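J.: Structure below; questions to follow.
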Amino acid sequence: MRALSSFYRWLVDEGHASAVPFSYKQGLRLLNGVPREYEYNLAKVRQPKPHTTIKYLEPDFAELFVKALAGLRPDGTSDDGYRGRELGRNAAMGELVLATGLRRQEFTHLLVYEVPPLPRERSVVPIPFAAGHGVTKGSKQRMTWISYDALAKVHDYIELERPLAADGSPWRPSGEPLQVTKPDWEGGTINGTRLPWRSLKPAERLRLLAPGGGSCLLALQTSGAPFVDWDTVFRRTSRRIRARDEPRFPIVSSHRLRHTFAMRTLELLTRGYYQQAAGLVADTDANAGLALYLTKSDPWQVLRDLLGHSSVTTTQVYIRRLDATQIFKQAYEQVGLAVGLIADDYDADDAEAGMPDEAAPELEQEGS
């Protein structure tokens with residue numbers, strides 16, 4: 001600012017400008033013990049507003065991230081220069097978080113038995129995905145969902161790559177082992193006592209021994225031990241993308257993936273995609289309960305339930321005011337053009353001034 005001020009003073013002295021575009025105030029400061037008058041420039045460098053910070057991945061960046069987790073280049077070809085391991089596991093977990101919005105503790109301690117079965121036929125309606133109260137924030141049982149494609153990739157990992165680490169593994173937990181027998185989707189017999197998975201805390205889940213060897217957690221190391229250091233995987237993958245493919249790519253955390261799920265889901269709900277898909281399912285009497293929920297509930301309420309928030313206000317923290325306005329504007333344009341309510345020469349910039357100004361908190365709580 002001092003340099004700009006000096007430049008404009010020079011312009012005024014040379015007759016190239018009529019005034020200096022800054023305001024000043026007079027003050028005193030000591031120089032070698034002698035008080036002297038000093039002129040303060042009141043101008044400050046403008047700082048970005050908090051709500052303009054992007055906390056989620058755009059669709060192209062999300063696709064790029066999942067490909068990198070799988071050891072692929074942006075064009076989908078194999079990255080021969082990368083020597084990473086457990087690529088199927090990493091890509092499957094990345095897809096799972098993006099498609100469910102699970103918190104870090106929730107997906108890190110997810111058991112392989114808690115993954116819902118893959119429907120026989122591909123469905124456009126999301127598949128219910130339970131999060132047990134033993135690992136959720138506030139110990140609140142909740143139901144989110146997952147897309148068919150993301151669930152299919154998780155099952156590919158379970159069927160193809162995970163058995164190589166789990167079957168016959170000699171791994172034992174550092175604490176007292178909790179031997180599991182007769183596991184099913186709801187629970188299993190643990191050291192002789194039948195218990196539901198949803199009641200188990202993270203520390204207990206880390207000690208579970210599967211009947212065939214290895215940990216019961218979904219994500220395993222090559223030794224059959226549970227894998228929990230996902231932030232390191234996401235961070236290293238982000239840096240590899242920045243160094244080799246896209247310098248603008250952000251450093252991804254599990255929380256950023258949760259934000260991405262929130263943005264993607266609100267966009268789909270707002271456009272009416274899920275409502276229309278639910279109507280198709282309702283006509284065939286398949287999963288009629290979920291179909292009714294999607295058609296009758298407000299998009300904010302659906303997203304609130306999926307994220308496990310107690311209030312829509314908390315959900316609006318995720319979708320900042322600027323982002324929400326953009327989502328609803330795009331939905332208005334897409335639907336309006338599709339049904340002929342908006343002319344083909346519609347100017348989005350002119351219409352933006354007429355958008356409702358929906359107030360939403362501009363704060364963010366890590367781990368919400």
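J.: Please work out how much length the chain gains when fully extended from residue 124 to residue 9, using 0.36 nm per residue of separation minus the C-alpha to C-alpha distance, in nm with one decimal.
T.: Here the segment from residue 124 to residue 9 would lengthen by 34.9 nm.
J.: For a quick check: with amide H placed at 1.01 Å from N, whose amide H comes under 5 Å from residue 188's, ignoring anything fewer than 5 positions away on the same chain?
T.: Amide H to amide H, under 5 Å and 5 or more residues apart or across chains, residue 188 pairs with 195, 197.
J.: Using modelled backbone amide H atoms (1.01 Å from N, in-plane), which distant-in-sequence or interchain residues come within less than 5 Å of residue 110's amide H?
T.: When sequence neighbours closer than 5 places are left aside, the close amide H contacts are 218.
J.: Let me ask another. Counting only residues 5 or more places away or on other chains, whose amide H sits under 5 Å from the amide H of residue 84 once H atoms are built in the peptide plane?
T.: Here nothing satisfies the definition.
J.: Ok, one more. Got a sec to turn the phi values of the stretch 197-214 into Karplus ³J(HN,Hα) couplings, 6.51 cos²θ - 1.76 cosθ + 1.60 with θ = phi - 60°, whole Hz, x for Gly and Pro?
T.: Per residue, the Karplus-derived 3J(HN,Hα) values read 4, 4, 8, 7, 7, x, 4, 6, 5, 5, 9, 6, 10, 6, x, x, x, x Hz.
J.: Check each of the GluC sites (Glu not before Pro) in the stretch 66-161 and keep only those in coil by DSSP with at most 15 other C-beta atoms within 10 angstrom; list them in order.
T.: 121
J.: Can you run phi through the Karplus equation (6.51, -1.76, 1.60; θ = phi - 60°) for the stretch 177-184 and list ³J(HN,Hα) in whole Hz, with x for Gly and Pro?
T.: Computed from phi, the couplings for the stretch 177-184 are x, 10, 6, 9, 9, 6, x, 9 Hz.
J.: Under the Karplus relation 6.51 cos²θ - 1.76 cosθ + 1.60, θ = phi - 60°, what is the ordered set of whole-Hz ³J(HN,Hα) values for the stretch 86-97, x standing for Gly and Pro?
T.: Working through the residues one at a time gives 6, 5, x, 4, 5, 5, 5, 5, x, 4, 4, 5 Hz.
Taken together, the values in this text are just the output of simple stated rules run on the coordinates, not laboratory data. Because the structure is a prediction, the values reported are computed rather than measured. Every residue, glycine as well, gets a Cβ built from its backbone with ideal geometry; the counts of neighbours run over all protein chains shown.
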